[in-house]
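Below: the structure, in structure tokens.
Every number in this text was worked out from the coordinates using simple rules, so none of it is lab data. Just so it is clear, the model here is predicted, and its values are computed rather than measured. Here the Cβ positions follow ideal geometry from the backbone for every residue, glycine too, while neighbour counts run over all protein chains shown.
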Amino acid sequence: MPDWVRAAIAEAGLNDAYEARPPYQRNDYIGWITKAKRTETQQRRVAQMLEELRAGDVYMKMCWGPKAP
């Protein structure tokens with residue numbers, strides 16, 4: 001994970017929310033963000049990820065909920 005993405009997650013206070021996501025989602029988010037060529041696109045994608053982590057029930061603009069244990 002790039003340091004600037006890690007810093008954005010930490011600054012938003014969403015470390016726990018990020019870590020609570022399944023590994024495939026964390027990998028998808030990071031790959032999706034870093035594959036963008038333009039800085040503006042990367043920033044927009046980070047903002048979307050942070051918003052979805054805050055909401056807790058959204059993943060890549062789709063409804064999502066953690067599975068019950």
222 nm [θ] for the chain, helices only, -39500 (n - 2.57) per DSSP H run of 4+, per residue, to 500?
-19500 deg cm²/dmol
Compute, for segment 3-63, the length of the dipole vector about the Cα centre, with Cβ point charges of +1 (Lys, Arg) and -1 (Asp, Glu) only. Units Debye, rounded to 20.
340
At most 14 other Cβ within 10 Å, DSSP loop - trypsin sites (Lys or Arg not before Pro), segment 2-69
LYS35, LYS37, ARG38, LYS61, LYS67
If you work out P(r) over Cα pairs in 10 Å bins from 0, in percent from the coordinates, which of [x] 20, 59, 19, 2; [y] 15, 27, 22, 24, 12, 0; [z] 22, 51, 21, 5 do you get?
[x]
